[in-house]
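J.: My questions will all concern the structure given below.
The values are calculated or read from the model by the stated rules, or taken from the named source; none is laboratory data. Here the structure is a predicted model, which means the values were calculated and not measured. With ideal geometry, Cβ positions are generated from the backbone for all residues, glycine too; neighbour counts draw on all protein chains shown.
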Amino acid sequence: MLRERKVVSKIIITLIFLFIGLILFCLFFIIIKTPDEKSQLPFSKSPISTVTSNLETTPLPTLQTQPDKTIYTIDAKAIAITKDVIEVQGTTNLPDYSNLRISANRIAIFFGEDEERFYLVGVSNTQVKNGKFITKVEIDDKKYLEFLKVSGEIVKKLDPNIEITIIFDPEPRYQGEDSNVVAVIGSKGEMLENSPQKKVYGSLTPEPRNILEFKIRTQLKFPFTEQLPK
């Protein structure tokens, strides 16, 4: 009888250990499987990791990757401050330190013609600073008079105005080889493409470029009218 009790006790103890072992095995299985199951969830519970992933695959746009949509223009006025000097001043949204070339031309129509002819009587250069520029152009009307005497051309109508032309040329030889202006505008004036003042210089050459051109006329009496060839 005692022997039978011992056998029953061993069986009970064995079953208890098996039951405890089964519980431990199940807990171990659940602990191992839990991360994998969570990783299979359709929605991440970590918004930080989601944002980080988006930043890595889709970089934010920067100034360097955005096209420059600025429409560059020049505006100016010209005033005769003496009988042979014209002051030119104006504003522009071109980069600071942009170099501008200014030319002054007499305008006339010759006998036998209907179109205006232009003759260069003055030049100047100026630079943009804080979006503004100013310069003075000395007018050499004697040079024009000498031309008329030598050429034999007879003036039918002499315009009382001088035409002032302001030109921005982005070519490095005018702006400087290391100029920031060239870096912004482009050596071929790529960023001037949409400007209403754009002109194409060298359109028939292998390397044309865009320039800006602004013209204005201001009155300045020709001092040698009585000496014109007749």
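J.: Starting from segment 121-148, keep only residues that are on the phi > 0 side of the Ramachandran plot and among the aliphatic types (A, V, I, L, M), then list their pairs with residues that are surrounded by fewer than 20 Cβ atoms within 10 Å (Cβ to Cβ) and in a strand (DSSP E or B) whose Cβ atoms are within a distance under 6 Å, requiring at least 6 positions of separation or different chains.
T.: Going by the 6 Å Cβ cut-off, there are no qualifying pairs.
J.: While we're looking at this one, here's another question. What residue, among those in segment 76-102 that are among the hydroxyl-bearing types (S, T, Y) and in contact with a Gly (Cβ under 7 Å, 6 or more places away or on another chain), is nearest to G189 (Cα to Cα)?
T.: Within segment 76-102, the subset among the hydroxyl-bearing types (S, T, Y) is 82, 91-92, 97-98.
Retained after the next criterion (residues that are in contact with a Gly (Cβ under 7 Å, 6 or more places away or on another chain)): 91-92.
Values: T91: 19, T92: 16 Å.
Taking the candidates together, the pick is T92.
J.: Being part of a strand (DSSP E or B), acidic (D, E), closer than 14 Å to I107 by Cβ and in contact (Cβ under 8 Å) with a residue 12 or more places away in the chain is the requirement here; does E163 meet it?
T.: Values: part of a strand (DSSP E or B): yes; acidic (D, E): yes; closer than 14 Å to I107 by Cβ: yes; in contact (Cβ under 8 Å) with a residue 12 or more places away in the chain: yes.
Yes: the conditions hold for E163.
J.: From the list S124, S195, exactly one residue is closer than 27 Å to T82 by Cβ and among the hydroxyl-bearing types (S, T, Y). Which is it? Before the answer, list the steps.
T.: Details: S195 fails: closer than 27 Å to T82 by Cβ.
Unique residue meeting the criteria: S124.
J.: Follow-up. Looking only at segment 156-171, decide whether some residue is farther than 22 Å from I86 by Cβ and loosely packed, with under 13 Cβ neighbours inside 10 Å. Reasoning before the result, please.
T.: Our first condition is that a residue be farther than 22 Å from I86 by Cβ; within segment 156-171, this holds for 156, 170-171.
Next, only the ones that are loosely packed, with under 13 Cβ neighbours inside 10 Å stay: 156.
Taking every residue of segment 156-171 in turn, at least one turns out to be farther than 22 Å from I86 by Cβ and loosely packed, with under 13 Cβ neighbours inside 10 Å.
J.: A further question on this structure: Could you list, in sequence order, the residues of segment 178-216 that are free of Cβ contacts under 8 Å to residues at least 60 places away in the same chain and part of a strand (DSSP E or B)?
T.: Quick first cut of segment 178-216, residues free of Cβ contacts under 8 Å to residues at least 60 places away in the same chain only: 178, 182-183, 186-190, 193, 198-211, 213, 215.
Result: K198, K199, V200, Y201, R209, N210, I211, E213, K215.
J.: Ok, one more. Can you tell me which of Q197, Q219 is closer than 28 Å to V121 by Cα, modelled with pLDDT of 95 or more and surrounded by 14 or more Cβ atoms within 10 Å (Cβ to Cβ)? Before you say what the answer is, go through the steps one by one.
T.: Values: Q219 fails: surrounded by 14 or more Cβ atoms within 10 Å (Cβ to Cβ).
After applying the criteria, what remains is Q197.
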